[in-house]
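The values are calculated or read from the model by the stated rules, or taken from the named source; none is laboratory data. No experiment lies behind these values; they were computed from the predicted model shown. We place every Cβ from the backbone using ideal geometry, glycine too, and count neighbours over all the protein chains shown. In case anyone asks, the SASA skips ligands and DNA or RNA and just uses the protein heavy atoms, side chains included. Shrake-Rupley method; radii C 1.70, N 1.55, O 1.52, S 1.80 Å.
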Amino acid sequence: MSKKSHLSTKSKFQLIIILFVVISFFFYLGSNRSSSVGTVINASDLIDHADEQAKANVENVVATMKAEFDKEYSDPSLYFEDFSEEIAVLDVECNKSLEAYFSDKIEIPYFTKSYNQYYLPTLKKFRDGEISVSDVVDDPFEHIRVWKFDIYTMVSENYNGETGNQLYDYVGYLEENGVKHFMYQEIQLKASEITEIELNKLKNFENPFEKIKDKNVIKRRNFMTDLGSNSARWDEENEWVKDLEKKYNVALVKVDLDYSLKERSCTYYAPQNDPTMKFPATEILSRCLQIYAQRALYEEIEKIVDEEGYGGQIAHIAISRNRDVVIYDENGRGRDPDVFDFDLSLNPDNISIINDGYKGCYDITLNLLLEEGEAIDYAKLQKITARIADLFKVNYVEGDEPWQREDMFVFFYTLPKEEQKIVVDLFKRDMITETYFRERTTLSNIYLDMYYVREETEGFHYLDTRAKKLDFLLRVTGNYDDLMSLSADTFGTRLKRDKLIR
């Protein structure tokens, strides 16, 4: 039987302590070369720093985003309204302004397609006739939350990217007009593979990209937002992608990008039969199994929450991560859990994906949404957390220590019922977040990064800016029997915490 192991919580603390001792020793030696007083880094100082940094991260969101979120969600009832007709009209007119801007600046054949995100109150006012098309186009800062467009350019093989400079200048133009959020995608089409007549026909389609993405007409796809940028040669095939297809027994296709891009300088792929599962792939690793595991765990948790009576009140996220995880083979060679083969063509169920597919660990956050004055039902939470813990059927040990594959946290927020529906829907929309490689943990953040309890998604930002967070959280550990052996009151009081790490 293969030996499989993982850095347990105890092991992680042991390594951290060793790290602190070594670093403190070097600080001491270094300071004694210049003075007689040594400098020592205390673990407790870093723990306090981690809590301060975590609070500062949220405070920064509030300071920079509260006005925007209060504007977008000033009337929560608008969130579930269908404004598709109004958006279509506004996009056409905004696209005319794009064409007017670039008409004397881009010399090669091109066309643009707008698909902006307008503020919800703007869409309501436009529907009701309170504002006109020109009001929206002439004042993008007031009415457009994210300015988005694609530009299709027809380029020769020796094209050296002049259009990129014009696009960069346009970003400056948007910023001058107060637009904070933007996204554009330049899709370069080969002049050797498409004629100007075909190019003009292409712009009549609602989504031209869908018509050409599987053909040999795209040369390069350049992508830029206020959050990041990405560029990839579209017509080049990488041999290692074939290895990924063999590894997971799945056909992979290149896909376009969206506003929440986090990974740079690589091509994004998705299984041909499931284009929603986008992930970046490099010669080193891919996030393919992690995103499958994240979706599988989301769906199982959602089922449990509904069955135990807290449906619509818990916004949750399960972050699959492989940091600090090593699986050992029968020869004692350590391997990252993402390198193991798994047959996706068999359409494995969620439990198989969670346990046999992705062999790493999960950080699970449950955000319980309460109305002001509503009591917490600890009996429900106890059953929910116990059932979630029971999802992990494959557990390993390192020596005498059990491998704890999940850390689970429960946060409590108060906000009106109609806004709870929005938060739950936002978390569902952004259930998949692990499509990029995280930055390495630095010394100053070693405690802060020990657990992943949040992501910088719209749902978390909504909670930061518009909900009231209560004073405590729970860190829930143990298997089903351990958790259910407690009384509901003991469950609620024993696991109470006032900080994430202590």
Subject >> Order by protection proxy (mean Cβ within 10 Å, highest first), peptides 211-222, 56-67 >> reply: 211-222, 56-67
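R0 = 45 Å: FRET efficiency of E245 with Y168, Cβ-based, nearest 0.05? Spell out each step's value before the answer.
Working: r = 36 Å, r/R0 = 0.80.
Once the sixth-power term is evaluated, E becomes 0.80.
K180 to S97: extension gain in nm, 0.36 nm per residue of separation minus the Cα-Cα distance? Spell out each step's value before the answer.
Values: separation 83, 0.36 × 83 = 29.88 nm, distance 1.81 nm.
Separation in residues times 0.36 nm, less the Cα-Cα distance, equals 28.1 nm.
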Subject >> Virtual spin-label span in nm between T282 and Y159, 7 Å along Cα→Cβ >> reply: 2.8
Original post:
Extension gain A375-T457, at 0.36 nm per residue separation less the Cα-Cα distance, in nm?
Top reply: 26.8 nm
**OP:** Can you send over the solvent-accessible area of S345, 1.4 Å probe, protein chains only, in Å² to the nearest 10?
**Re:** 60
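What FRET efficiency do you get for I108 and F141 if R0 is 35 Å and r is their Cβ-Cβ distance, rounded to the nearest 0.05?
On the way: r = 30 Å, r/R0 = 0.87.
Approximately 0.70, to the nearest 0.05.
Quick check: net charge around S84, other residues with Cβ under 15 Å of its Cβ, Lys/Arg +1 and Asp/Glu -1?
Details: positive: K124, R127; negative: E81, D82, E85, E86, D91, E206.
After counting each charged neighbour, the total is -4.
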Original post:
Which is farthest toward the positive dipole end of segment 44-184 among Y115, G178, Q53, measuring Cα position about the Cα centre, with Cβ charges +1 (Lys, Arg) and -1 (Asp, Glu)?
Top reply: Y115
Original post:
Over segment 57-147, what is the mean sequence separation of C-alpha contacts under 8 Å (at least six apart), divided by residue count, expressed as relative contact order in percent?
Top reply: 33
Original post:
With all protein chains present and a 1.4 Å probe, how do K359, K380 order by accessible area, largest first?
Top reply: K380, K359
Original post:
Among 261-270, 458-467, how do they line up from the highest to the lowest mean number of other beta-carbon atoms within 10 Å?
Top reply: 458-467, 261-270
Original post:
When the chain is fully extended, how far beyond the present Cα-Cα distance does E418 get from Y79, taking 0.36 nm per residue of separation?
Top reply: 121.1 nm
**OP:** Place a +1 charge on the Cβ of each Lys and Arg in segment 99-229 and a -1 charge on the Cβ of each Asp and Glu, then give the dipole magnitude about the Cα centre in debye, rounded to the nearest 20.
**Re:** 600
Original post:
Of K393/K469; K96/K428; K125/K211; K190/K247; K262/K383; K66/K417, which ones are farther than 28 Å apart at the Cα?
Top reply: K393/K469; K96/K428; K125/K211; K190/K247; K262/K383
Subject >> Förster radius 60 Å - calculated FRET efficiency between N479 and K203 (Cβ-Cβ, nearest 0.05) >> reply: 0.55
**OP:** Note down the nm distance, to one decimal, between modelled labels 7 Å out along Cα→Cβ at D214 and at D430.
**Re:** 3.2
